[in-house]
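Working notes, beginning with the structure itself.
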Amino acid sequence: MDTTVTSTVKHSVISDFKEITKMRLALSVVFSSLAGYLLGVETVDYKTLVLLAFGGYFMVGASNAFNQIIEKDLDALMDRTKDRPVAAGRMSVNVAFSIAAIFTILGITILYTINQQTAMFGAISIFLYTCVYTPLKTKTPLAVFVGAIPGAIPFMLGWVAATDNFGIEPGTLFAIQFFWQFPHFWAIGWFLFEDYKKGGFFMLPTRNRDRASAVQVIVYSVWTLLASLIPAFGITGKLYITPISAVIVGLLGLGFLYYAFQLFKKMTTQAARTLMIVSVSYITLLQIVYVLDKFIR
């Protein structure tokens, strides 16, 4: 019996840790950072790769923990978030804050050992997500624009970690993931519209599930597609993809755009949910294609 109770407690602690740091989201961010690193590096340094992975995870974990502290009362109102550790009362604010603070220190310190610019962008990401994006979410749909900035940093961060330089190459990687944030989060805002409304969040550009919001989803999907093809034209410094990879990236973008049009056509929560899933697959596959193109050509 004691063994069962201990096992249950351990499972609860592990589950709450995963939830407070949003482990799946954090791992996807780490993936983006590592992809950016592989694109920028000439010779892979596995020590730096590991440091970037841990630093990136701590960075995202800190942001998410701070977010859940600030929004604990609102999280408790929404079905999607009411079981989060702080909102549900399983974790105190003090414990959550300790995790967030420790993760912030660890994340920035680890990134600093790579280089100063990487640590700076990591710190900017935590600040914008926690101190600007989170408070704005209940006030204006422009919060998505602000949130897209820290959301787009990881892909760029990897390149900066590899080169200790911010130029056209990481700027292009930033642009790709920046534009991608909008259709991705608006799709989430669409199919979770009623739940978000309980917490006072209106994430769609017009605050409503209407044609104008759907048009904005299409517009930013087009921008995402165009930004992803820029490296094929040899104007982004050392960041370059071959014509074959450009065709693949273009087809991925057209597939993404197709589902954006499907949302405009159907105006349903299911179409929005499908677009969200497609958007995650799109950005992951795009990053894989970029990396494979570099190492195969």
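The values are calculated or read from the model by the stated rules, or taken from the named source; none is laboratory data. It should be emphasised that the depicted structure is a prediction, and the values quoted were computed from it without experimental measurement. Here the Cβ is made from the backbone with ideal geometry for all residues, glycine too, and neighbour counts use every protein chain on show. Keep in mind that these areas ignore ligands, DNA and RNA; they rest on the heavy atoms of the full protein, side chains included. Shrake-Rupley method; radii C 1.70, N 1.55, O 1.52, S 1.80 Å.
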Grab the Cα-Cα distance for K265 and Q116, subtract it from 0.36 nm times how many residues apart they are, and report the gain in nm with one decimal.
-> 48.9 nm
If contacts are Cα pairs under 8 angstrom and at least 6 residues apart, what is the relative contact order of the range 28-154 in percent?
-> 27
Pairwise FRET efficiency - Y46 versus S92, Cβ, R0 = 45 Å, nearest 0.05 = 0.75
15 Å tail of the calculated P(r), the range 16-82, as % of Cα pairs = 58
In the structure shown, do any of K47/K294; K22/K139; K72/K266 have a Cα-Cα gap over 32 Å, and if so which?
-> K72/K266
Taking protein heavy atoms only, a 1.4 Å probe, and rounding to whole percent, the accessible area of the range 151-253 owed to carbon and sulfur comes out at 69
Give the ranking of W223, W186 by solvent-accessible surface, highest area first, calculated with a 1.4 Å probe.
-> W223, W186
Note down the magnitude of the dipole of the range 186-297 about its Cα centre, charges +1 on Lys and Arg C-beta and -1 on Asp and Glu C-beta and zero elsewhere, to the nearest 20 debye.
-> 120
Unit charges at the beta carbon, dipole of the chain: most positive-side option, P231, L157, V219 = V219
Expected vector for the range 19-32, Karplus 3J(HN,Hα) from phi with 6.51, -1.76, 1.60 and θ = phi - 60°, integer Hz, x for Gly and Pro, equals 6, 5, 9, 6, 4, 5, 5, 4, 5, 5, 5, 4, 4, 4
Over the chain, average the accessible area per residue using a 1.4 Å probe and give it in Å², no decimals.
-> 46
Return, ordered by residue number, the residues of the range 165-199 whose backbone nitrogen is under 12 Å from a label point located 7 Å along Cα→Cβ of Y258.
-> none
Please work out the Cα center distance from the range 148-181 to the range 79-141, rounded to the nearest Å.
-> 19
Give the relative contact order (percent, whole number) for the chain; include only Cα pairs under 8 Å separated by 6+ residues.
-> 18
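Using only the Cα atoms, what convex hull volume per residue in Å³ does the range 112-205 have?
86
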